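The values are calculated or read from the model by the stated rules, or taken from the named source; none is laboratory data. Keep in mind it's a predicted model, so treat the numbers as computed, not measured. Glycine also receives a Cβ, built like all others from the backbone with ideal geometry; neighbour counts cover every protein chain displayed.
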Amino acid sequence: MAITLAHKAQAEIYFLHLYIDYGGHEHVPHGIEKLQVDRHRQNPTVGMIKDKLAKLVAKADALSVKTSPLLIYHDGHERIEDYIKPYNIDFVVMGSHGVRGIKETILGSNTQRFIRRSPVPVLVVKEQPDDFSIRKIVFVSSFEEDSIKSFEPVNALAKLWNAEIYLLYVNTPYHFMETNESIFEMKRFMHQFPHVAYTSFIYNARDEERGLEEFTKQNPVDVIALGTHGNKGIFRLLSHGVAEAIINHQRKPVLIMNTSVMEPDRKMLSTQEVDMK
């Protein structure tokens, strides 16, 4: 998906792999062509990683997508977000298997931990569709003023693919809003984007995750988009907990914008870099 997006946007990809190495290797990134350290030559895991990186580079090269493969040796303390500013990354694509049951409650997943810290939008991919394209995007929000920043990447992605935008407000017993009021809030929100076409939806459900799940069953979409702002404050509808539950249980790609740490004035997918983990 990252290759497809980068090709569409004429963007550059950094293929990033963090490899835990307890042998004390220097913690600096290396291009794949430089990974000729003697003590790693006989390491089958490193060999497999290098082979997979090389195959990804070959796929990107076939579409004339510029790439920079990065294999990072570290001792378990490196973080993906450490490489966003140094490499001027403005959009991240990463895979997630999701977790369920008690592991979900206690541990979460690598993806969940990362989206809490990412200063750029993150597209979480669960399954690779046979023919990936973006025709419809649903943006689920509380549509309050601070969520404007989280809509901007959605608008950019829609423009790139000429996709339809669905706005969704999930009405729950705990955050109930009358229909007229919900419609007014959506219109006021979209007043900031006067030339953007959209369709508004209000769905009544017992909770936000359930409402989104039922909505996507009845209205097939290609990408689910939402902004988060922690577990408190005006983004009550879309806390990290709701976002993480959606990532775990939805099969569609989920675009997450953490507005509490997002950097301003980022151009998304416009001859820029895409990072793929």
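When restricted to residues that are aromatic (Phe, Trp, Tyr) and modelled with pLDDT of 85 or more, segment 126-143 contains 2.
Of the candidates 120, 221, the single residue that is part of a loop (DSSP other than H, G, I, E, B) and in the same structural domain as residue 254 (by TED's automatic domain parsing) is 221. Every condition in (1) surrounded by 18 or more Cβ atoms within 10 Å (Cβ to Cβ); (2) out of contact with any Ser or Thr (no Cβ under 9 Å at 6 or more places or on another chain) holds for residue 43 except the one numbered (1).
One residue stands out in segment 85-125 among those that are modelled with pLDDT of 90 or more and in contact with a Pro (Cβ under 6 Å, 6 or more places away or on another chain): the one that is surrounded by the fewest Cβ atoms within 10 Å (Cβ to Cβ), namely 123. With respect to the stated conditions, residue 181 fails to be at pLDDT 90 or above, closer than 30 Å to residue 79 by Cα, outside any strand (DSSP E or B) and charged (D, E, K, R). Taking residues in segment 194-214 that are closer than 16 Å to residue 159 by Cβ and of a type in the set (A, V, I, L, M, F, W, C), and partners anywhere that are at pLDDT 90 or above and in a helix (DSSP H, G or I), the pairs with Cβ atoms closer than 7 Å and at least 6 places apart or on different chains are 196/155; 196/190. If we scan segment 184-206, do we find a residue that is surrounded by fewer than 19 Cβ atoms within 10 Å (Cβ to Cβ), more than 16 Å from the chain's Cα centre (by Cα) and at pLDDT below 85? No, segment 184-206 contains no residue that is surrounded by fewer than 19 Cβ atoms within 10 Å (Cβ to Cβ), more than 16 Å from the chain's Cα centre (by Cα) and at pLDDT below 85.
Please specify each residue of segment 157-178 satisfying the condition of being assigned to a helix (DSSP H, G or I) and in contact with a helix residue (DSSP H, G or I) (Cβ under 9 Å, 6 or more places away or on another chain). Residues satisfying the conditions are 157, 160, 161. With respect to the conditions (1) of a type outside the set (Ser, Thr, Tyr); (2) at pLDDT below 90; (3) assigned to a strand (DSSP E or B), residue 255 lacks only one, and its number is (2).
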